[in-house]
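Novice: Dumping the structure here so I can ask a few things about it.
Read the figures in this text as sums done on the coordinates, not as results from a lab. If you're wondering where the values come from, they're calculated on a predicted model, not measured in any experiment. No Cβ is skipped: glycine too gets one built from the backbone with ideal geometry, and neighbour counts run over all protein chains shown.
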């Protein structure tokens, strides 16, 4: 099991968005599909369970053990490539879901499914972009945006009635991440490495309400 990759992804999210004190995702992890409920995830390799029990929110994150085993052999924090990109995206989405629900629950903020999926799509891009910049001596990961938002498609068999929701989340995340990409590319061309303003914007966006996030993206043009 790639516990170090989970810890690294959670640590990256905590650093980028300034999220101290979120619970350790590994303590809430399930990896054996045979132990899951029969109706689970329709064959998906990742799923977050959330149970609201009065003043308590219970969480469990399932990630298929084979995905984690592959990442244990091809750690994206050593090299994020086409060989491990799909597994990275699966695990990054799960960790994003877990951290976002846990952080909002600790601040007594409700989370809609659309907002959760929007933030996960953004997180996958932002963390991947940070990784590729660190691994490529400032190289801007333009290909990552194409892989996540231009060539990717929603599997209607897995998504079912939520297909439209996932497509909307991806469309809006793609527009927001195009803004992130432009700013990162500008820094690379200027040989600048100060991402302070971009981090401040990402942190504000993370804490906004769902309505404010979508309004902001719609006004990007």
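Novice: Considering just Cα atoms, how many Å³ per residue does the convex hull of the range 3-218 enclose?
Specialist: For the range 3-218, the hull spanned by Cα atoms encloses 126 Å³ per residue.
Novice: Then there is this: May I ask you to sort 16, 63 by Cβ crowding, counting other Cβ atoms within 10 Å and putting the fewest first?
Specialist: 16, 63
Novice: Hey, another quick one. Name the residue, out of 68, 89, 198, whose mean-square fluctuation peaks in a Gaussian network model built on the chain with Cα pairs under 10 Å.
Specialist: Maximum fluctuation in the GNM of the chain, among the listed residues, is at 198.
Novice: Ok, one more. Of the candidates 86, 51, 129, which one comes out as most mobile in a Gaussian network treatment of the chain with C-alpha springs shorter than 10 Å?
Specialist: Sorting by GNM fluctuation, first place goes to 51.
Novice: Still on this model: Considering only DSSP beta bridges with both partners in the range 3-218, what is the antiparallel share in %, to the nearest 5?
Specialist: 80
Novice: Applying 1/(1 + (r/R0)^6) with R0 = 25 Å to the Cβ-Cβ distance of residue 186 and residue 75, what FRET efficiency is obtained, to the nearest 0.05?
Specialist: After rounding, the FRET efficiency stands at 0.25.
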